[in-house]
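Remarks on the structure that follows.
The values are calculated or read from the model by the stated rules, or taken from the named source; none is laboratory data. Remember, predicted model here, so these are calculated numbers, not experimental data. Positions of Cβ are backbone-derived with ideal geometry, glycine not excepted, and every protein chain shown enters the neighbour counts. Surface accessibility is based on the protein's heavy atoms, side chains included, excluding ligands, DNA and RNA. Shrake-Rupley method; radii C 1.70, N 1.55, O 1.52, S 1.80 Å.
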Amino acid sequence: LLSARYPNATLIGRADTQGFYLYGDVPTEAVRSAAEEALRRLRSGEVRLAIHPNCGTNFLTAAMMAGGAAFLSLLGSEREKPRQRLERLPLAIMLTVLALIAAQPLGAAVQQHITTKGEPGDLEIRAVRRLHSGRSTVHRVLTCG
């Protein structure tokens, strides 16, 4: 919700067992309002709202698939001469691109079914606090339930 309201803001979130931290220069009231609205919408069945394309799960899935594709393309090349290995570069690039394309929906699925819970149950927002860490603004959203 904050990404839509503040499209030019750089925002990073990190969840833990007591809530989450939000790193980014946005007003505290906007963080509170977005958290409350998100909780209302999740309770009304918008479970996809908990899935975000810039979640670390998506990046990790893409990195694992791209790294695996590049690794597979070079299997057995240790006995080849450097020029022969270099000739495999187009294959490595093609497999990596295909892996990155496949990673987009797969990362979202992993996020939805494994790393993110879109059903809040009895979750409540206890507090939203603005913290400062050097030049960065950090908000701490405390939850319970």
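Expressed as a whole percent, the accessible surface of segment 4-145 that belongs to carbon and sulfur atoms is 59, based on a 1.4 Å probe. Dividing the convex hull volume of the alpha-carbon atoms in segment 37-145 by its residue count gives 157 Å³ per residue.
Per-residue ellipticity at 222 nm from helix content only, as computed over the chain with -39500 (n - 2.57) for each DSSP H run of at least four residues, stands at -14500 deg cm²/dmol. One decimal place: the segment residue 64-residue 14 gains 15.9 nm when fully extended, by the rule 0.36 nm per residue minus the C-alpha distance. Under 5 Å from the amide H of residue 19 lie the amide H atoms of 143, each residue being 5 or more positions distant or on a separate chain, with H modelled from the backbone and absent for Pro and chain starts. Screening the chain for whole DSSP H helices with an alpha carbon extent of at least 15 angstrom along the helix axis and a mean Kyte-Doolittle hydropathy of at least 0.0 yields 56-73, 89-110. Using a cut-off of under 15 Å, list every residue of segment 1-27 whose amide N is near the label point 7 Å from the Cα of residue 125 along the Cα-to-beta-carbon line. 1-6, 19-23, 26-27, by backbone N distance to the label point. Taking Cα centre as origin and charging only the Cβ of basic (Lys, Arg, +1) and acidic (Asp, Glu, -1) residues, the dipole magnitude of segment 61-145 rounds to 440 debye. Farthest toward the positive end of the dipole of segment 8-130, out of 31, 100, 128, is the Cα of 100, where the dipole comes from beta carbon charges about the Cα centre. Note down the Stokes-Einstein diffusion coefficient of segment 72-121 in µm²/s, whole number, using a Kirkwood radius over alpha carbon pairs, 10 °C, and 1.306 mPa s. Stokes-Einstein gives a translational diffusion coefficient of 118 µm²/s. Taking 44, 133, 33 in turn, the Gaussian network model of the chain (Cα-Cα springs below 10 Å) assigns the largest fluctuation to 133.
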